[in-house]
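The values are calculated or read from the model by the stated rules, or taken from the named source; none is laboratory data. Treat the numbers as computed from the prediction; the structure is a model and nothing was measured. Neighbour counts run over all protein chains shown; Cβ positions are idealised from the backbone, glycine included.
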Amino acid sequence: MKKGTSANLISEIELYDSENGTFSNVGQINLWQPRKTMSFDNGKVFVVNSSGLQNKGTEITIFNPKSKKFTRIKQYLTLDFSYEFTKFQNRFVLFSGGKSTEKYTAAISKLEVFDSGVEKVLDAGNMMTPRYNHRATLLQDGRILITGGCTEDIAGDTEAHAGIFEISALSSAEIYSP
């Protein structure tokens, strides 16, 4: 480990074969901080990844288990921290709220949709209330219920508050209708 680093980042990817109960090495991927994954009905998996110190936003990388290859989507999500995502209609993923790369302490109301069919990020408007650390649940009728979360971290004078943040919690809900 290099001096000044706190951890070794692992870039090796392993694939688990449930029939044989074995792991195989797929290779390596250069991701700053993989956050979440989700699989699609076609078997492909996408990895949502913070761009780290580059402040570009969040990148999406697609893994194809048949070819064992990773493909980076060339667009970045504007959302970078504490967002929620929900798969709907088998090929779309709604990304909601979170914090942007420009201002980490304030919630944003941004909605973006990833279309796995054409592998593009599309603008989907805004929620009525900016929020992060919320939940988004797919309803049986195809709409998405977005609940709770926080609106902002109020730091004020960090010396006076000893680095303690006050959190403004939400008790509201709204529905996204694709």
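Okay, residues lined up against (1) at pLDDT below 85; (2) buried (at least 17 other Cβ atoms within 10 Å of the Cβ); (3) more than 21 Å from D41 (Cβ to Cβ):
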{"residue": "K56", "(1), (2), (3)": "yes, no, yes"}
{"residue": "F95", "(1), (2), (3)": "no, yes, no"}
{"residue": "A107", "(1), (2), (3)": "yes, yes, yes"}
{"residue": "E119", "(1), (2), (3)": "no, no, no"}
{"residue": "N126", "(1), (2), (3)": "no, no, yes"}
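Can you name the number of the only condition in (1) at pLDDT 90 or above; (2) in contact with a Pro (Cβ under 8 Å, 6 or more places away or on another chain); (3) closer than 12 Å to Y83 by Cα that I144 fails?
Only one criterion in (1) at pLDDT 90 or above; (2) in contact with a Pro (Cβ under 8 Å, 6 or more places away or on another chain); (3) closer than 12 Å to Y83 by Cα is unmet by I144, namely (3).
Strands (runs of 3 or more DSSP E) wholly in the stretch 104-148 with at least 1 residues that are of a type in the set (S, T, Y) and touching a Lys or Arg at 6+ places or on another chain (Cβ under 6 Å) - which ones?
So the answer is 144-147.
If the requirement is being at pLDDT 80 or above, among the hydrophobic types (A, V, I, L, M, F, W, C) and in contact with a Lys or Arg (Cβ under 7 Å, 6 or more places away or on another chain), which of these qualifies: F81, F88, F63?
F63
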